[in-house]
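What follows is one structure encoded as structure tokens, with my remarks underneath.
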Amino acid sequence: RGTPPRDWTNANIAQMKSVCRRFGFSYDWRREISTGDPEYYRWNQWFFLRMLERGLAYRKRSLVNWCPKCQTVLANEQVVDGCCWQHDDTPVEAKEIEQWFLRITQYADALLEDMVELEGGWPERVLVMQRNWIGKSRGTRLRFAIDGVKDSKAHIEVFTTRVDTIFGAAAVILSPAHELLPGLFAGEPNRAKLEEEASRLRARIIRGADLATAEKEGFFTGRFATNPFSGEKVPIWVGNFVLAEYGTGAVMAVPAHDQRDFEFAQKYKIPFPVVIQPVEGASLRAEKMKEAFTDYGRLVNSGPYSGLASEAAIEKMTADAQAKGIGEAETTYRLKDWGISRQRYWGTPIPVIYCAKCGIVPVPDKDLPVKLPENVLLTGQGQSPLANAPAFVNVKCPKCGGPGRRETDTMDTFIDSSWYFFRYTDPHNERAPFDPALVRYWFPIDQYIGGIEHAILHLIYSRFFCKVMRDLGLVEIREPVRRLFSQGMVLKDGAKMSKSKGNVVGAIDMAEKYGCDTPRMYTLFVAPPEKDLEWSEQGIEGCARFLHRVFRLMDRHAAALHGVSARDLKPGKISSASEKEKVLLRKAHQTLRRVTADFETRWHFNTSVALIMELVNTLQDHEPLDKHARPEVLKQVLELLVLMLAPIAPHLAEELWEMLGHKESLHCEAWPQYSTELAEEEQVEIVIQINGRVRGKICVDAGLPEEELAERAFADPKIEQLLRGARVVKRVVVPDKLVNVVVAQ
Ligand SMILES: [Zn+2]
Ligand SMILES: [Zn+2]
């Protein structure tokens, strides 16, 4: 963009901050932190070094996800439907480089087990996504010997959760990136063609969410393996739906009992047997099957295991595999270690130095922070920009004093967000990331808000960091966030508002046109916060008109109410209130009761706004209010209105509060308490008649709708008894007065 990243970031922060302030968001700015400041990211480096000491950070050469647009590596969590999480039109490429990893897999079980603490407080959807992402499965690792290879170590390993189906294995399928492939192709006459096919499929590996729908492709290698249980020959295939980095990079295909394998076998006409029959219902025949039978059942065509139930077979066959040395029980996880190296400028420098003599040397704590050099030429080319800054790269080895080279990759910015909230408790600490005593005071977080798009990214990384901190003795908690709320997105014309789509409605433009309170109110009113919100100009106009109405209402009455105290309204005065006064007081307190519940428990601010609008309508219906209500009654009703409006339209509410004669700021007021007595519906006596004769009386809330009133009358024990066996011909309901039931005689 032609602007140095730091200036660009700082300008954005300043802009965002001014919007926040202008809209009246009440943050404690004394605790503001910026992850781009060395005072913050030095602690990223400090955490990295602690992890390095414990073997939780390590360096490894591996295939990585590469976004050609970002020109950087992406974590598995950042690949969405095969594309970059920031570029949904850019397929991710596979590239082999050396990079740093954090051993999040060491915490896989803790991440799973500690979810019990989150149940009830986190949306179930997020927990399910995390559980699936961690993907723990118990199963069996098995070895298929490769035909025509003398070396007993050369075998294909597969992992399966369904060893009971192994007699039905119709093929072994390898990932196009499997390390055994070059060896398998070596002696083949059509080797060049096979290698070409494999490299074509490597570019078409199917990932994650696409697995169910994307086109599965593969080819036969010409080689065979031996089924370790049946001793039969099974063809070795290559398939683009097998990922090299998950599990063993190979699967046994059991078409009769796995849907993906079934589709693959259908496409390539690979014959297969049925080896599991359902416990109930008709027997399966391979040639008649329309889809795989994936449930547990009873084994057939499975040698000595035929007749066993799946569960028993899995146990016995796994034990036998172990005894025969052809496999063993294993627990696997889908979760992979977190690759954190990024070939970007704007990030935390990874604090290690490479020395020809000493190898990887951590930067000593006393030399932190390793500062990001300013004025680095950003070319946008596919290598780390920091490599172009010789003054940064060339340093003395801290161990031997010889020439060393700094690591030039920076950390994934998700490191920044993995622990920033801990820093809020102690934002200016220069000796430690935070004082544990302060974290003990503030944590865990009572309520966190985060979009569903963070479910397996930020929300899993930050849980991981918390567990590492616990092992470092910095915190005592297992989980950083007690309750999580996932808000919806803001849509414009059905599409997510985003800078790249150019459909962002500027907050400042809105504020210029309507003031800040109107868009504030609109966003609360248009949808409950967990739902997506469709931005509409008409909706905003409606809110603007409403706020004007409130202002005019107050303008008509406020001046006359100066010096009147709403708190003078003693219970005695209420009982002497007129009917109209009672209506107003009841409406105000009922509104307050429901708005309080919306704010405290349901977070359905949209219904709160609707209720407040209703209250204003009621007030307008009773104009002239000063003729119908005494000043202290009117003042109380208007004050409650303003207090309820305060969180929604704080600036206008402050103004209205002053108009009512208050000198102190409205925002020093406590949230008002509703009076249960005043909020109660008025009771009315309903006469119940049967064929015109009075048979009973019930007391109900005034204003019950006809249908409900009739139901209540019929439910009265005495009436119910009288009507037993009778045929009701007709019923007449007069609201607040009478229910007459006509029965056939
Ligand atoms: Zn990208
Ligand atoms: Zn050295």
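The values are calculated or read from the model by the stated rules, or taken from the named source; none is laboratory data. Everything numeric here is computed off the predicted structure, so don't read it as measured data. With ideal geometry, Cβ positions are generated from the backbone for all residues, glycine too; neighbour counts draw on all protein chains shown. Please note that ligands, DNA and RNA were not included when accessible areas were found on the heavy atoms of the full protein model with its side chains. Shrake-Rupley method; radii C 1.70, N 1.55, O 1.52, S 1.80 Å.
Can I get the semi-axes of region 168-327's equivalent ellipsoid? Compute them from the C-alpha gyration tensor as square roots of 5 times the eigenvalues, in angstrom, largest first.
Numbers: eigenvalues 162, 71, 41 Å².
The equivalent ellipsoid of region 168-327 has semi-axes of 28, 19, 14 Å.
Kirkwood-based Rg over Rh for region 394-439 (C-alpha set), two decimals?
Working: Rg = 16.0 Å, Rh = 13.4 Å.
My calculation puts Rg/Rh at 1.19.
For region 499-679, what percent of Cα pairs sit more than 25 Å apart? If you can, show how the numbers build up before the last one.
On the way: 5694 of 16290 pairs.
Pairs farther apart than 25 Å: 35 percent.
Hey, can you grab everything whose amide H is under 5 Å from the amide H of L308? Only 5+ residues off in sequence or another chain; H modelled, so Pro and N-termini drop out.
The answer is L299.
What share of all Cα pairs of region 337-457, in percent, falls into each consecutive 10 Å distance bin?
All Cα pairs considered, the percentages come to 12, 32, 31, 19, 6, 0.
Which pairs in the list K60/K371; K635/K663; K580/K635 are over 20 Å apart, alpha-carbon to alpha-carbon? Before the final figure, lay out the partial values.
Working: K60/K371 25 Å; K635/K663 16 Å; K580/K635 15 Å.
Distance filter (> 20 Å) returns K60/K371.
Skip the ligands, DNA and RNA, and give the accessible area per residue of the chain with a 1.4 Å probe, whole Å². Can you show the working numbers first?
On the way: 37120 Å² over 745 residues.
Accessible area per residue: 50 Å².
Would you mind giving the three semi-axes, in whole Å and largest first, of the ellipsoid equivalent to region 459-542 according to its Cα gyration tensor?
Equivalent ellipsoid semi-axes, largest first: 37, 14, 13 Å.
Could you compute Rg(Cα) / (2.2 N^0.38 Å) for region 61-106, with N its residue count? Kindly include the intermediate steps, with their values, before the conclusion.
Values: Rg = 10.8 Å, N = 46, 2.2 N^0.38 = 9.4 Å.
Cα-based Rg divided by the globular estimate yields 1.14.
Taking only the Cα atoms of the chain, how large is their convex hull per residue, in Å³? All intermediate terms of the calculation are to be shown ahead of the outcome.
Working: hull volume 190.5 nm³, N = 745.
Hull volume normalised by residue count: 256 Å³.
Could you tally the net charge around Y514, taking each other residue with its Cβ under 13 Å from the Cβ of Y514, Lys/Arg +1 and Asp/Glu -1?
Working: positive: R22, K513, R520, R545; negative: D509, E512, D517, E537, E541.
Net charge around Y514: -1.
Going down the table (K357/K396; K267/K336; K366/K399; K136/K531; K95/K336), which pairs top 21 Å between alpha carbons?
Numbers: K357/K396 12 Å; K267/K336 31 Å; K366/K399 14 Å; K136/K531 31 Å; K95/K336 17 Å.
Long pairs (Cα-Cα over 21 Å): K267/K336; K136/K531.
Figure the gain on full extension for K580 and Q487 (residue separation times 0.36 nm, minus the Cα-Cα span) and round it to one decimal in nm. Numbers along the way, then the final one.
Details: separation 93, 0.36 × 93 = 33.48 nm, distance 4.12 nm.
Gain on stretching K580 to Q487: 29.4 nm.
May I ask for the net charge around D532, where only other residues with Cβ less than 14 Å from the Cβ of D532 are counted and Lys, Arg are +1 while Asp, Glu are -1? Mind dumping the intermediate values first?
Values: positive: K492, K496, K531; negative: E453, D493, E530, E534.
Taking every Cβ under 14 Å from that of D532, the sum is -1.
Compute the FRET efficiency between Q322 and L378 as 1/(1 + (r/R0)^6), taking r as their Cβ-Cβ distance and R0 = 51 Å, and round to the nearest 0.05. Before the final figure, lay out the partial values.
On the way: r = 56 Å, r/R0 = 1.09.
E between Q322 and L378, to the nearest 0.05, is 0.35.
For E453 and I360 in one chain, what is 0.36 nm times their gap in residues minus the Cα-Cα distance, to one decimal in nm? Display every interim value, and only then the final one.
Numbers: separation 93, 0.36 × 93 = 33.48 nm, distance 3.57 nm.
Between E453 and I360, full extension yields 29.9 nm more.
In whole Å, largest first, what are the principal axis extents of the Cα atoms in region 35-91?
38, 28, 16
Debye calculation, C-alpha points only, no solvent: report log10 I(q)/I(0) for region 683-743 at q = 0.22 Å⁻¹, in the same order as the q values.
For region 683-743, the Cα-only Debye profile gives -0.79.
Scattering from the C-alpha atoms of region 1-121 alone, worked out with Debye: what is log10 I(q)/I(0) at q = 0.19, 0.23 1/Å?
Reported log10 I(q)/I(0), two decimals: -1.22, -1.16.
With the convex hull built on the Cα atoms of region 247-382, state its orientation-averaged projected area in nm². Can you show the working numbers first?
Numbers: hull surface 67.3 nm².
Mean shadow area of the hull around the Cα atoms is 16.8 nm².
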